[in-house]
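Asker: Just dropping this structure here.
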Amino acid sequence: MTLRELLETLKTFGIKLALHDGDIITADPPEMLTPAGRAAVAEHYAALVALIRSGPSVTSSFDTLLSGLDDLGARPPAEVLRERLRILADGVARADPLVRELVRAEAIARLIALGVRTPARLIDAALNACPSLRSGAGSGRGLVFADPEPWPEPVDGAALLGDLAQTYRRFVSLPDGGAEALALWIVFTYALDAFDVAPILALCSPLKRCGKTTTEDVTSVLAKRPLAAANISAAALYRTVECFAPTLIVDEADTFLLTNLALRGIINSGHTRATAFVIRTAGHEPRIFSTWGARMIALIGRLPATLEDRAIVVPMRRRAPGETVERIRRDTLFRIDPLRRRASRWVADHLPSLRAANPAIPAELHDRQADNWWPLLAIADEAGGAWADLARTAARALSGTLVERDNAATVQLLADLHALFATADKLATATIIRHLAALEDRPWADYAQGDPLTPRHLAKLLEGFRIKAKQIRQGAATRKGYLRSDFTDAFRRYLPPDQQPPKHRNVTAALALESGSRRTTGVPSRGEAASPQTTSNVSEVSAPSRRSVRRNEDP
């Protein structure tokens with residue numbers, strides 16, 4: 001909703017806005033303000049403050065819009081001037097050419113009086129910016145973002161982060177480290193230019209009603225240039241980012257993002273500044289479009305592995321019985337808008353230090369997690385106080401909740417084989433299959449559409465690690481199997497140092513397998529009589545394992 005549309009809506013419904021101490025805006029009567037209206041009030045907060053101070057808040061005259069230029073003072077700061085010019089451009093986006101020209105001439109005259117250089121070029125750039133997104137009737141509404149006016153005095157960074165974290169805790173039940181991560185990420189949306197990595201902030205929950213929407217609502221008031229993008233197309237995404245560099249807030253990603261590979265690829269590309277672009281043709285000419293920006297994604301379930309690897313994941317959960325949070329009133333959410341102004345001022349004052357930051361990374365974070373947390377840790381260190389420790393505690397807590405899922409089946413297989421090879425230098429394929437099918441909480445017993453893992457599946461899973469089955473000798477028999485020495489490099493590179501062995505489906509099977517591996521026994525090859533020990537091993541394994549042995553004997 002544009003500023004002009006908002007003002008006309010307020011007038012239609014008889015809603016009056018009032019300004020209180022601390023630049024808090026209230027609506028009367030509040031129940032008449034729709035969700036779209038509340039969002040628009042938050043979006044155009046700075047402009048509304050200026051309008052209320054200068055006169056009636058419900059007028060939509062162009063004279064009132066132009067009055068936003070009057071209190072700038074001589075040679076106004078570039079950020080403030082840009083905000084006011086965008087508000088002005090929004091107000092005349094749907095005006096006829098004559099009115100637009102009159103406003104243009106008057107705005108140029110006022111900027112000349114303020115001593116602004118090249119006023120005509122600035123006004124034309126504002127009025128004509130992204131014309132495809134500011135087209136006329138029948139083509140949707142234009143996108144206009146009003147950056148907050150920076151706080152008038154220096155801001156304490158630790159106090160700012162504390163207030164941001166407490167704001168989230170007021171409304172949402174969050175896991176350990178969640179409020180701290182959100183507070184740091186909000187400041188990051190204002191400090192984007194200081195960093196080369198832009199981590200996604202992912203809100204993932206197992207079910208509905210876990211606080212994702214409430215968290216997004218709070219974020220939409222606090223973040224820089226928030227833009228809800230619940231069903232945005234790939235083309236709209238990169239064109240919008242190119243024009244405005246917004247903070248994208250993608251809700252219900254499980255309904256459309258998981259299957260939209262083109263959109264996922266564009267979001268992935270925005271993770272690092274060096275790769276944050278797409279190339280498309282415009283009028284048969286190749287053009288580069290930026291995809292660099294802050295992104296929040298909310299969904300039920302987990303992100304695709306490539307997105308999750310680029311994200312700081314906050315696992316959302318429902319409130320427990322007896323756990324209380326304040327019920328959110330969206331019509332008063334814009335009262336926390338002064339936090340935006342404080343964030344904008346703090347970042348402006350500390351931008352050089354943030355660009356030069358080299359924060360210490362907790363050893364528990366792997367390479368990609370370290371990249372994701374780098375900007376947030378730099379912000380925490382610069383803010384001072386207890387935030388250096390709070391941020392690293394949050395990083396450990398939230399990164400530790402993620403189970404490695406990139407090539408999840410292969411990594412899980414390595415972990416299970418690591419435990420098995422702890423007592424053997426070489427193992428027959430059938431022995432490995434039998435062992436895997438006996439493990440609890442693993443997919444191997446019904447891996448092949450309800451049937452156990454086969455030797456062919458095993459070989460396929462290990463193929464990426466350059467590990468192949470070989471002819472191994474066990475006693476007098478020779479059969480297909482694997483050597484522990486072939487796994488050494490994969491174990492070292494892909495498993496954590498404290499890898500714990502998995503549990504078996506029953507103790508008897510585990511003991512039988514361990515006993516068999518120590519005595520270098522295995523399943524007999526065709527034509528070979530089974531030894532009493534081998535027969536004992538097979539009989540002790542659960543039913544799915546017996547089926548695996550019968551169907552998948554080594555040739």
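Asker: At a Förster radius of 56 Å, what calculated FRET efficiency corresponds to the Cβ-Cβ distance of R493 and E79, to the nearest 0.05?
Answerer: 0.75
Asker: When a/c reaches 1.5 or more, the comparison of a/b and b/c decides; with that in mind, is segment 451-498 rounded, prolate or oblate per its Cα gyration tensor?
Answerer: Here segment 451-498 falls in the oblate category.
Asker: Please arrange W374, W292, W185 by accessible surface area, largest first, computed with a 1.4 Å probe and ligands excluded.
Answerer: W374, W292, W185
Asker: Taking only protein heavy atoms and a 1.4 Å probe, what accessible area per residue, in Å², does segment 298-447 have with all protein chains in place?
Answerer: Result: 43 Å² of accessible area for each residue.
Asker: At a probe size of 1.4 Å, how large is the accessible area of T255, to the nearest 10 Å²?
Answerer: 90
Asker: Further, regarding this structure: Work from the charge dipole of segment 261-323 (Cβ charges, +1 for Lys and Arg, -1 for Asp and Glu, about the Cα centre) and give the residue of A305, W292, A282 farthest towards its positive end.
Answerer: A305
Asker: Let me ask you something else. Give, in nm to one decimal, the length gained when the segment between A105 and D163 is fully stretched (0.36 nm per residue of separation minus the Cα-Cα distance).
Answerer: Here the answer is 16.5 nm.
Asker: If you stretched the chain out fully between A348 and T118, how much longer would it get, using 0.36 nm times the residue separation minus the C-alpha to C-alpha distance?
Answerer: 80.4 nm
Asker: Another question, if that's okay. Based on the Cβ-Cβ distance of S485 and A360, what FRET efficiency does E = 1/(1 + (r/R0)^6) give at R0 = 56 Å, to the nearest 0.05?
Answerer: It comes out at approximately 0.95.
Asker: Next question, about the same structure. Using a Förster distance of 45 Å, how high is the FRET efficiency between A419 and A230, based on the Cβ-Cβ distance and rounded to 0.05?
Answerer: The calculated FRET efficiency here is 0.55.
Asker: Follow-up question, since we're still on this one. Return the sequence-ordered ³J(HN,Hα) values of segment 268-273 in whole Hz as given by the Karplus equation 6.51 cos²θ - 1.76 cosθ + 1.60 applied to θ = phi - 60°, using x for Gly and Pro.
Answerer: 4, 5, x, 6, 10, 4
Asker: Separate question: What is the extension gain from E326 to E463, computed as 0.36 nm multiplied by their sequence separation minus the C-alpha to C-alpha distance, in nm to one decimal?
Answerer: Length gained between E326 and E463: 44.0 nm.
The values are calculated or read from the model by the stated rules, or taken from the named source; none is laboratory data. Owing to the predicted nature of the structure, the values given are computational and were not obtained by experimental measurement. Quick reminder, even Gly has a Cβ in these numbers, built from the backbone with ideal geometry, and neighbours come from all protein chains shown. SASA here: full protein model, heavy atoms, side chains in, ligands and nucleic acids out. Shrake-Rupley method; radii C 1.70, N 1.55, O 1.52, S 1.80 Å.
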